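Asker: Just passing along the structure, written as structure tokens.
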Amino acid sequence: MNMTVHAKERSQQRGIEPMALHLLQQYGKELHDHRGARVMYFDTSSWKEMQRSEGKRAIRNLSEMLGIYAVFALEDDRVITVGHNFKRKKTFH
């Protein structure tokens, strides 16, 4: 996964493992911010889909991932930043 220096630092600081980002990219929901980036996050349906595909036992210890998000650049799909507790409070226009 191609990440900016900023994203690598934030991932390390916030304890977000590369495996979590891989699963997020594979199963997460996506929002476009209409500013050249897309935000990926887990919601209940994507979490359940991941449980069905990967198995509940395999991801049991990853429940803290439910609140993570990642921001990807549209132009080159690099991870710009990552964090915890993404809440969809605002629809991007």
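Asker: With labels modelled as points extended 7 Å from the Cα through the Cβ direction, what inter-label distance (nm, one decimal) is found for residue 1 paired with residue 14?
Answerer: 1.1 nm
Asker: On C-alpha positions alone, give me the angle between the axis of helix 5-14 and the longest principal axis of the chain, in degrees, nearest 10.
Answerer: With both axes taken from Cα atoms, the answer is about 40 degrees.
Asker: Here is a further query. Over the chain, what is the percentage of antiparallel beta bridges among all DSSP beta bridges, to the nearest 5?
Answerer: Here the share of antiparallel DSSP bridges comes out near 95 percent.
Asker: Report, in degrees rounded to the nearest 10, the 0 to 90 angle that the Cα long axis of helix 44-54 makes with the longest principal axis of the chain.
Answerer: 60 degrees
Asker: For every helix of n ≥ 4 consecutive DSSP H residues, a contribution of -39,500 (n - 2.57) applies; sum these over the chain, divide by its total residues, and give [θ] at 222 nm rounded to the nearest 500 deg cm²/dmol. Numbers along the way, then the final one.
Answerer: Working: 4 runs with 35 residues, N = 93.
After summing the helix terms and dividing by residue count, I get -10500 deg cm²/dmol.
Asker: Further question: In square nanometres, what is the average projected area of the Cα convex hull of region 1-81?
Answerer: Numbers: hull surface 20.6 nm².
If I average the Cα hull's projected area over directions, I get 5.2 nm².
Laboratory data are not the source of any read-out in this text; all were calculated from the coordinates shown. These numbers were taken from a predicted model, which means no experiment stands behind them. All Cβ positions, even for glycine, are placed from backbone atoms using ideal geometry, and neighbour counts span all protein chains on display.
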